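Here the structure is laid out as structure tokens; the discussion comes afterwards.
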Amino acid sequence: MKPTEKQGQACAKEVERFGNLPVPFGVDRATLKIELSRALLKYAKDLKHAGRVVQQIIETAIVCPTVAELITVTREVSADATGLPEPCNKCAADGGYWVHQMAIKDVGFGTQEYHYSGRCNCARGRELGHRDRAEQPKIDYAHV
Ligand SMILES: [Zn+2]
């Protein structure tokens, strides 16, 4: 996001939310807070994204994140309302939802190439695949 003073202060305020997470031995909390605020300002797309990144860390981390960990989470947490991770270079080229895939199968009298659309194997593609499976109707086999 744009590194304005207001945005910088808002990022610093978000980083304050890590206050209850312990910092590793030997790490100066004040210095780490400054570096985390700078990283959040640099890598989060906007303040809403920054808030989602900090929320994700608070819900999953047991210690205060390093700068590298925070940057990783900004890449995993969606910058938009879909809640999906950012597309990788491979699926972004196809619009971020489907990628062209190919499989070779033995059909008895030789092999056949199958081309189809599938989910990418990046974090976004895996999340989309997970959602696909969640949307499958549940069949009650005991009563079929
Ligand atoms: Zn991908």
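The values are calculated or read from the model by the stated rules, or taken from the named source; none is laboratory data. Quantities reported herein were computed from a predicted structural model and do not represent experimental measurements. Here the Cβ is made from the backbone with ideal geometry for all residues, glycine too, and neighbour counts use every protein chain on show.
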Working only within region 34-58, note down all residues that are within 14 Å of the chain's Cα centre (by Cα) and assigned to a helix (DSSP H, G or I). Tyr43, His49, Ala50, Gly51, Arg52, Val53, Val54, Gln55, Gln56, Ile57
Kindly establish whether Ser78 is exposed (fewer than 11 other Cβ atoms within 10 Å of the Cβ) and within 14 Å of the ligand (Cβ to nearest atom). no
So which residues in region 99-126 are near the ligand (Cβ under 10 Å from one of its atoms), over 11 Å from the mean Cα position of the chain (by Cα) and surrounded by fewer than 19 Cβ atoms within 10 Å (Cβ to Cβ)? Asn121
Checked against (1) under 28 Å from Thr82 (Cα atoms); (2) modelled with pLDDT under 95, Asn20 satisfies every condition except (1)
Of all residues being more than 23 Å from Leu84 (Cα to Cα) and of a type outside the set (S, T, N, Q) in region 37-64, which is surrounded by the most Cβ atoms within 10 Å (Cβ to Cβ)? Just the residue, please. Cys64
Which numbered condition Ala93 fails, given (1) surrounded by fewer than 17 Cβ atoms within 10 Å (Cβ to Cβ); (2) in contact with a strand residue (DSSP E or B) (Cβ under 8 Å, 6 or more places away or on another chain); (3) of a type in the set (A, V, I, L, M): (2)
Being closer than 23 Å to Gly83 by Cβ, in the same structural domain as Pro65 (by TED's automatic domain parsing) and surrounded by 13 or more Cβ atoms within 10 Å (Cβ to Cβ): is that true of Val15 here? yes
